[in-house]
Structures are given as C-alpha cells and as structure tokens.
Amino acid sequence: MPQKYLSIQDAMQQGSGTVSIRGWVHRERGSNKLKFVVLRDSSNTIQCVFERSNFEKEWDDIDHLQVETSITMTGEIKKDARAPSGYEVQVKKFEIIGKSENYPISKDLSPEFLLDNRHLWLRSTRMQAILKIRSTIFAAIHEYFRSVGFYEYHSPIFQAVQAEGGSTLFHVDYFGKKDVFLAQTWQLYAEPAIFSLEKIYTISPSFRAERSKTSRHLTEYWHAEMEMAWSTFKEIQDQGESLIKHVMKKVLENHEKDLKVLERDPAKLLPTVKKPFVRMTYTDALKVLKDKCKIRVQWGKDLRTIEEEELTKLYDVPVIVTHYPKKVKAFYMVEDPKNPEVVEGCDFLAPESHGEIIGGSQREHDLEKLKARLVEQGEDPKNYEFYLDTRRYGSVPHGGFGLGVERIIKWICGLDNIKDAIPFPRTMERYKP
Ligand code: 4AD
C-alpha cells in the first residue's frame, strides 16, 4: 500500500504517535551526534531530529543535508516546548527525494535580488503567507458574486478598442495588423452581455502600458470586474462596498497566522468589515482636503496620489469619492442628471495610503452623447460600432466597476510594493523571470 502522508499541520493536530510527512528542508543545524532539521510544507514547519545512533550508515547524507532538499520521513511526533512550532518528530526512517545545491536565498538580500530569483523566493515564509491570502481573496470574489446572483462571463484579451485611454495600450502585432491591443478592461465586451445575462462578473488579467514607476502599478494585473443591467449609481457603490467587506471578512477569518507572518495588525482591517465606508463627492473631497489637510486642489483637476493619501489618512475605512469632473474620467461614464459637469463615477480609496482599489461608474446609455464623448476624446466612433449597438437595441441604465486584485492584496497584507502581491510581477522594467 502506498505510504499515507500527513501535512505537517495535520501531523501536529494528531500530536502523538507515528506520522509520515514530507517537505523541504527549511533550516538545519547539528553536531556529530544529532541533526535538527526544520521541515517545511505548504501547511507549516516542524522540527525533526535525526540521531546518529539510528542512522550510522546514512549519517554522511544526513550531515550534508542542504536547505531545500526534498525529503520524506516517518517518525514519532511529540509536543516539545523548545521546538519552534511546539512539536518535534524523532525520525525513524527517511528518504531523500531531491538533493539541493547551495541555495542562493538567505537573509537580508536586496529586493532586486529576490525579484531576480522570484522562482525561488516564492518558497519563503513571507511569499507563502501572501500567496495563501491571495488564494482566499480570489475565492472570496467568486463566492461573493455568485452569492448575489451574478454569472461568470469572459471577454477577449485581444481587443480592437480602448476604454481607459490610448496612452496605456499594449499594441500587439496580430498577423501584421496593428490595431489590436491587450485588454485594459473587459468592459466594452462585457456591456453587450448584460442584455443576455443581466448581472455578470469576471476575474481576468488586464494590461496597462504604465510608464510610471510607482509602488502600485503593474503592467499585467488581475482585474475583478462586474457589470449589471438596471443598476443605479448607488447600487454600484453598494456592491463594491459589500464585495470588499466580504473579502476582508474571509481573510480575517482564515489568515490570522499569515497576517502575523506579515506583521499586519488585523485590528487595522476590522473597521472595514464593521463600519460603513465613507462616501463623499469629489467637490466635498476638495473641501475636506482644504480644511483638514491644508491642501488646495483646483476644481477640475484629478486627485493626485498625494492628495488621495492625505484624504484616506483621515479614516480607518475606504473612502468612496464620487461625481468627478467629466473631463478627468472615461468617455463611458454617464453625466450626473443634476450637473452635467460631473459624472456618476466613483473611486474607492483604501486606507493607510494604499490608493485606489476600485474604479466604477454608471454608464452613459444615450447613443448620441456617447458618440460625442468618443469624438471629444479623439476616438473614431466607427471603431466602436459593436459597442454602440448596445445603445441601439433596448438600452437600459447600467453600470459596473473594476477591482484591482493586487491592489487589495497590497492593502490587506500591508505590502510596501504591489510587486509582492503577484507571483511574477510585470512592470515597465521587469518582465523576467
Ligand atoms: O479605474 P480603472 O481604470 O477602471 C476600469 O478599468 C473600468 N473599466 C472598470 C470597470 O468599470 N469595469 O481600473 C480599475 C481598477 C483600479 O481601481 C485599480 O484598482 C486597478 O484596476 N488598476 C491597476 N492595478 C494594478 N496596476 C495597474 N497598472 C492598474 N491600473 C488599474
């Protein structure tokens, strides 16, 4: 019968008796008589002790065990207060599965070195904690949307129209054709589908040729987007708030240990679950910035990072800023019926200076206005005919938003840089390994 292996976590749960476990050598130290190996798997780490008297023949192999060697073993597990995770295994039998060379990752290496060796750094306790939280966040997004009646729907990655500005388009050489780009958003291919499914969502990669070297921009990021028919602008904001609350709740319920590894205080995240988000118009945000932060922003200018940061420092929950000036927002956002200078668009700004996590809006559903906005923004409406058809055949009020998944991971995990929120980050300067 094949050997039944327990995860290290389950072995510790068992707590006594014989267990078989497998994993990688995380740390090792020893003497002539004893070897201590901290074994790591995806669930935890545990100290394992090899006594020379039991392994005289294999001692040379044991003595030369290198960090990251993969190994299986059977032994007696018991509580031991001196061991790092409170348990220890006295090894009775073992097999080296894959030897390890001199592992290049050690303490205090520069962020650039760790990025060059990302394929190995993924094994670190820190990346393991982030990747586990990332996995929960993806699951929570799917759970949330399905629980409120949304269908999962997919739009193409090769696209022939832009939605978020030409300056961040990645052009693709598509069999010699030059008017093909990688998706910045699913939106223009999602809106046609609400006439079929009404409420839809996706989690998919988006691409932005961002020339800015900031701690929150990737060129390839995962984008959770939703679109719904018959919505009001308030409903779009409510959905965004409920989604973030659900994601945060799931992380807090399941990742106490991982947040500790990341030295992230859960108390800082709890208000997002418990308290309503702050909502204010762009115009009110300028007043708050002037009165409370002594920052003057001229009406009509988009908020800069520094202004968003100062604003969000005032609150312990996300701030939803609404009704931006029409000029600074995308062509598809609907004018506010009470004031055509502003649009029903919203940005969700995360606390603690983590910046914009959601951008969304109610959509312009009037065909002529939409065409005029396209022209104003230098686009040829002819290229958007398929999209404009959505306004020709039974147009309805509708809206949606996009959540930057790495942005919310950065915030929840308290990361200095968004690069750590994704396994293999892509930025203007980094596309390897
Ligand atoms: O505000 P954005 O550009 O909105 C859209 O793309 C809409 N079409 C979404 C929609 O309504 N369906 O982008 C949405 C979110 C931002 O709030 C931010 O969280 C994230 O995407 N984002 C980025 N994340 C990482 N790196 C980048 N370069 C990002 N650009 C946007």
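Bear in mind that the values in this text are calculations on the coordinates, not laboratory data. This is a predicted model, so every value here is computed, not measured. For neighbour counting, all protein chains shown are included, and Cβ atoms are generated from backbone atoms with ideal geometry for every residue, glycine included.
Take the residues in the stretch 358-400 that are of a type in the set (A, V, I, L, M, F, W, C) and in contact (Cβ under 8 Å) with a residue 12 or more places away in the chain; name whichever of them is farthest from Ile320 (Cα to Cα). Lay out the reasoning, then the answer.
Here is the first cut: in the stretch 358-400, the residues of a type in the set (A, V, I, L, M, F, W, C) are 358, 367, 370, 372, 374-375, 386, 388, 396.
Still in the list and also in contact (Cβ under 8 Å) with a residue 12 or more places away in the chain: 358, 367, 370, 374, 386, 388, 396.
Values: Ile358: 9, Leu367: 28, Leu370: 25, Leu374: 26, Phe386: 32, Leu388: 29, Val396: 25 Å.
Filtering first and then ranking leaves Phe386.
Taking the stretch 141-176 as the search range and keeping residues that are within 16 Å of the ligand (Cβ to nearest atom) and part of a helix (DSSP H, G or I), which one is surrounded by the most Cβ atoms within 10 Å (Cβ to Cβ)? Selected residue: Ile141. Arg430 - would you say it is near the ligand (Cβ under 10 Å from one of its atoms) and surrounded by fewer than 22 Cβ atoms within 10 Å (Cβ to Cβ)? Against the criterion (near the ligand (Cβ under 10 Å from one of its atoms) and surrounded by fewer than 22 Cβ atoms within 10 Å (Cβ to Cβ)), Arg430 does not qualify.
If I filter the stretch 2-15 for residues that are of a type in the set (Asp, Glu) and either touching a Lys or Arg at 6+ places or on another chain (Cβ under 9 Å) or in contact (Cβ under 8 Å) with a residue 40 or more places away in the chain (or both), do I get at least one hit? Can you show your working first?
Taking the stretch 2-15 and keeping what is of a type in the set (Asp, Glu), we get 10.
Filter once more, so that each one left must be either touching a Lys or Arg at 6+ places or on another chain (Cβ under 9 Å) or in contact (Cβ under 8 Å) with a residue 40 or more places away in the chain (or both): none.
No, every residue in the stretch 2-15 fails to be of a type in the set (Asp, Glu) and either touching a Lys or Arg at 6+ places or on another chain (Cβ under 9 Å) or in contact (Cβ under 8 Å) with a residue 40 or more places away in the chain (or both).
Within the stretch 171-196, residues that are farther than 20 Å from Arg208 by Cα have Cβ atoms under 7 Å from residues that are part of a loop (DSSP other than H, G, I, E, B) and within 14 Å of the ligand (Cβ to nearest atom) in these pairs: Ala193/Tyr153, counting only partners at least 6 apart in sequence or on another chain. Taken over the stretch 177-189, the residue count meeting the criterion of being among the hydrophobic types (A, V, I, L, M, F, W, C) and within 11 Å of the ligand (Cβ to nearest atom) is 3. Considering only residues that are buried (at least 19 other Cβ atoms within 10 Å of the Cβ) and over 31 Å from the mean Cα position of the chain (by Cα), which ones fall in the stretch 22-43? Answer for the stretch 22-43, where residues must be buried (at least 19 other Cβ atoms within 10 Å of the Cβ) and over 31 Å from the mean Cα position of the chain (by Cα): Glu28, Lys35, Val37.
Can you spot a residue in the stretch 301-315 that is buried (at least 21 other Cβ atoms within 10 Å of the Cβ) and either among the aromatic types (Phe, Trp, Tyr) or more than 16 Å from the ligand (Cβ to nearest atom) (or both)?
Of the stretch 301-315, the ones buried (at least 21 other Cβ atoms within 10 Å of the Cβ) are 303, 308, 311-312.
Restricting the remaining residues to those that are either among the aromatic types (Phe, Trp, Tyr) or more than 16 Å from the ligand (Cβ to nearest atom) (or both) gives none.
The answer is no; no qualifying residue exists.
Evaluated against (1) more than 12 Å from the ligand (Cβ to nearest atom); (2) crowded, with 16+ Cβ neighbours inside 10 Å, Pro192 falls short on exactly one condition, (2). If only residues of the stretch 217-246 that are among the β-branched types (Val, Ile, Thr) and assigned to a loop (DSSP other than H, G, I, E, B) are counted, the one that is nearest to the ligand (Cβ to nearest atom) is Thr219.
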